[in-house]
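To keep things clear, I will list the structure first and then write my remarks on it.
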Amino acid sequence: MLLGLLLGSIALQVWAWRTLQRRVMSGAVTKPRALLRYGGWALLPLLLFVGLFLSAIGAEELSGVAIIPEPLARIALPVAALLLGIAGLGWLTFSILCALVWRVAGAKA
């Protein structure tokens, strides 16, 4: 499950990168807007993981039944940190390339 989450996070960032790169280069989206959109897409898996984890904790407290297994509870914080690191590294790389390399269509170099 966690491997699927990490691979899905990377696949989502690859999709967002390619889509936003094309839109920036065509001039359909400005560079600052593309940076914000990429940041949102990159953080989405982390926000979903934390939201579902906290929802499961709340359901455990309400029902009194253990929903989250102990190994998942122990690995939750490192997984969240890894997702944040992947998102941060992707966003940093995207912002550097967006600022330095990509040219907007119709702009004079």
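Going from the residue with the fewest nearby Cβ atoms within 10 Å to the one with the most, VAL50, VAL24, VAL29 rank VAL50, VAL29, VAL24. Each Lys and Arg Cβ is given +1 and each Asp and Glu Cβ -1; about its Cα centre, the chain then shows a dipole of about 980 debye. With respect to the chain, whose longest principal axis is taken over its alpha-carbon atoms, helix 2-26 is tilted by about 20°. Is the shape of segment 1-51 best called rounded, prolate or oblate, per the rule: a/c under 1.5 gives rounded, else a/b larger than b/c gives prolate, else oblate, with a ≥ b ≥ c the square roots of the Cα gyration tensor eigenvalues? The shape class here is oblate. Please name which of ILE96, LEU3, ALA59 has its Cα lying farthest along the dipole of the chain towards the positive end, using unit charges on Cβ (Lys, Arg +1; Asp, Glu -1) and the Cα centre as origin. Projecting each Cα onto the dipole axis, the largest value belongs to ILE96. Look at the dipole of segment 2-100 built from charges on Cβ: of ILE68, LEU46, TRP15, the Cα furthest out on the positive end belongs to TRP15. With Cα atoms as the point set, the radius of gyration and Dmax of the chain evaluate to 17.9, 64 Å.
Quick note: the coordinates plus some simple rules give every number you see, no bench work behind them. It should be emphasised that the depicted structure is a prediction, and the values quoted were computed from it without experimental measurement. Neighbour counts are summed over all protein chains in view; Cβ atoms, including those assigned to glycine, are modelled from backbone coordinates with ideal geometry.
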